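Each remark here refers to the structure printed beneath this line.
We did not get these values from a lab; they are worked out from the coordinates using the rules stated. Owing to the predicted nature of the structure, the values given are computational and were not obtained by experimental measurement. Cβ sites come from the backbone with ideal geometry, for glycine too, and all protein chains shown count toward neighbours.
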Amino acid sequence: MPSTSTKSSVSRVLAFASLLLLPGATFGYNNSKAMDPEDRSGTWSIGAYFNWQESPYAGEDWRSDFMPQFVYTGENIYLDTTQMGWHAIDNDDWQLDTYVNYYLNGYNDHTFYSDTGEVRDEDDPLKGMERSSSFELGAALTRKTEYGRWSIAASHDVNGTHNGGRMELEWSKTWRGENWQVQPWLRTNYYSRETANYYFGVNADEVLVDRPEYALEATGSVSAGASLRVTAWQRHNLSLNAGYTVFNDEITESPIVSENAVFNASLSYRYEIDDLNRSSSGDYNFFTNNPNPWSYRIAYGCTSDTSLNKILRLQIDCQGDGTHLGSFFLSRQLSETLMTLPIEAWVTTGVARRFESEYQGNFWEGVLAFKAVFRQFPWSDTIETRFGVAEGISYAQKVPNIESERAAERDRRNSKFLNYLDFSLDVSLGDVIGNKKLQSCFVGFSVHHRSGIFGASNLYGNVYGGSNVNTMYIECEQR
């Protein structure tokens, strides 16, 4: 049998790899269906997602949430921000998917208020408690009929958050018009004993006078809802979703649960990037038959306490905590124009190594992002110059020291999972030194930024703050 340490290492690798690869979210009670379940167009989309959700937990009311949205609808592989999967079987009658998923549920540490950083009252029902989201591996089998899609899905925690599983039985049917879709659905949710105890139970070391210990067996809930999806001007996609979840008695009797049913609504917008240079030989495939250029980038730099807006005003320094970062990125062009503008769209993914000096052990960070690149400067015929802005997600194996220090100074929480931004400016190395062989290699500066979007996103733990790393890099395009 594998040792406990071996299992733990495998779990950490799976969790890290899942965010490196994937990086909409599966919310515990958010029933969003923003995507057409039959879309296999092979296009990429970027957008934003807004969610309003009633919380079942005592002391909480409504949650509002924001997160970026990244979508790829391939024939075999699909990506929806925090879920990546493979259509192992997909025909007119059956569909079998395997996937890795970030299951967003639970609640953040209630020691401090997320908006002000002030200490919560002693009688806060969730004070001193915290329940995290989890990474899951899962599979879903769907039977397609004229009466709708009938699905069964099972998933299990793989990073040791609660070591439990979930199962879902669902019916849905999609009615389609020329530029709209309506999809009602019904679902039964099953939580294993470990999952139910983690999200709705009270452990012995969390007991207070008015918060007794509470344990659950396997239990569940029932959900129903509908989604309206509209496409405008070919590439602009809007989705409005609403759902209602009713919990079993065993959940509602928990001392930390105050609602027996919750409602949620969400609105999402996606822009579909469809100006792809598709191959003339065979069917286009982003991974195996794609004529668009790709690039690799190697960077190294230092952390800085200077704010992002000051760095963008060229106040660049290494006055941080003495830690450093090295990174390697792979990128592929999606389009030569973005919303008809002369701005290229790229998708980029990378790994970074955090060198934490004496503060803690070094660790890895994974990134997935969309990047906009502008290179049509008046002088680019002489010295090609590029300016880029990337937006995405970042997952670190540990919280970087500079982020932990800032959070402690402000009595605020931190998170391994944060929003990612990258601003870059570079010039062609070949043009600068007069070597045509190096004209597609660029040297420049970039700032590697992680943050919680000013505490606005539950996905990022409502973190207010982050970190900046100033880097120098070389990036070479392959055309």
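Annotations
- Taking all Cα pairs closer than 8 Å and separated by 6 or more residues, the relative contact order of the stretch 288-330 comes to 51 percent.
- Three-way shape call for the stretch 294-478 based on the alpha-carbon gyration tensor, with the a/c threshold at 1.5: prolate
- For the stretch 250-272 versus the stretch 330-344, the gap between their alpha-carbon centres in whole angstrom: 37
- Centroid-to-centroid separation of the stretch 182-226 and the stretch 385-423 [C-alpha atoms, Å]: 31
- Filtered chymotrypsin sites (Phe, Trp or Tyr not before Pro), the stretch 217-247: DSSP coil and at most 11 other beta carbons within 10 Å: Trp233
- Cleavage-rule hits, GluC sites (Glu not before Pro), the stretch 177-219, DSSP coil, Cβ neighbours within 10 Å at most 14: Glu178, Glu213, Glu217
- Low-density loop positions, GluC sites (Glu not before Pro), the stretch 324-378 - DSSP coil, at most 16 other Cβ in 10 Å: Glu336, Glu358
- Residue by residue, the stretch 238-253 carries 3J(HN,Hα) couplings of 10, 9, 10, 10, 9, x, 9, 10, 10, 8, 5, 4, 4, 6, 5, 7 Hz when phi is fed to the Karplus relation 6.51 cos²θ - 1.76 cosθ + 1.60 (θ = phi - 60°); x denotes Gly or Pro.
- When you restrict to C-alpha pairs under 8 Å that are six or more residues apart and normalise by the size of the stretch 294-478, the relative contact order lands at 21 percent.
- Near Val230, once Lys and Arg are set to +1 and Asp and Glu to -1 for all other residues with Cβ below 15 Å from its Cβ, the sum equals +1.
- Considering only Gln360, Phe442, Gly165, the residue lying farthest towards the positive end of the dipole of the chain is Phe442, judged by Cα position with unit charges set on Cβ.
- Look at Val469, Val202, Val443 and count the other Cβ atoms within 10 Å of each Cβ; fewest to most, that gives Val443, Val202, Val469.
- Across the stretch 316-423, C-alpha contacts under 8 Å between residues 6 or more apart give a mean separation that, scaled by the residue count, equals a relative contact order of 21 percent.
- Of Lys127/Lys416; Lys310/Lys416; Lys144/Lys371; Lys173/Lys416; Lys310/Lys436; Lys127/Lys398, pairs whose Cα-Cα distance is over 27 Å: Lys144/Lys371; Lys173/Lys416; Lys310/Lys436
- In the chain, the DSSP-assigned H stretches of four residues or longer account for a calculated mean residue ellipticity at 222 nm of -2500 deg cm²/dmol, using -39500 (n - 2.57) per stretch and the full residue count as denominator.
- Note on the stretch 160-310: with charges restricted to the Cβ of Lys and Arg (+1) and Asp and Glu (-1), its dipole about the Cα centre is near 900 debye.
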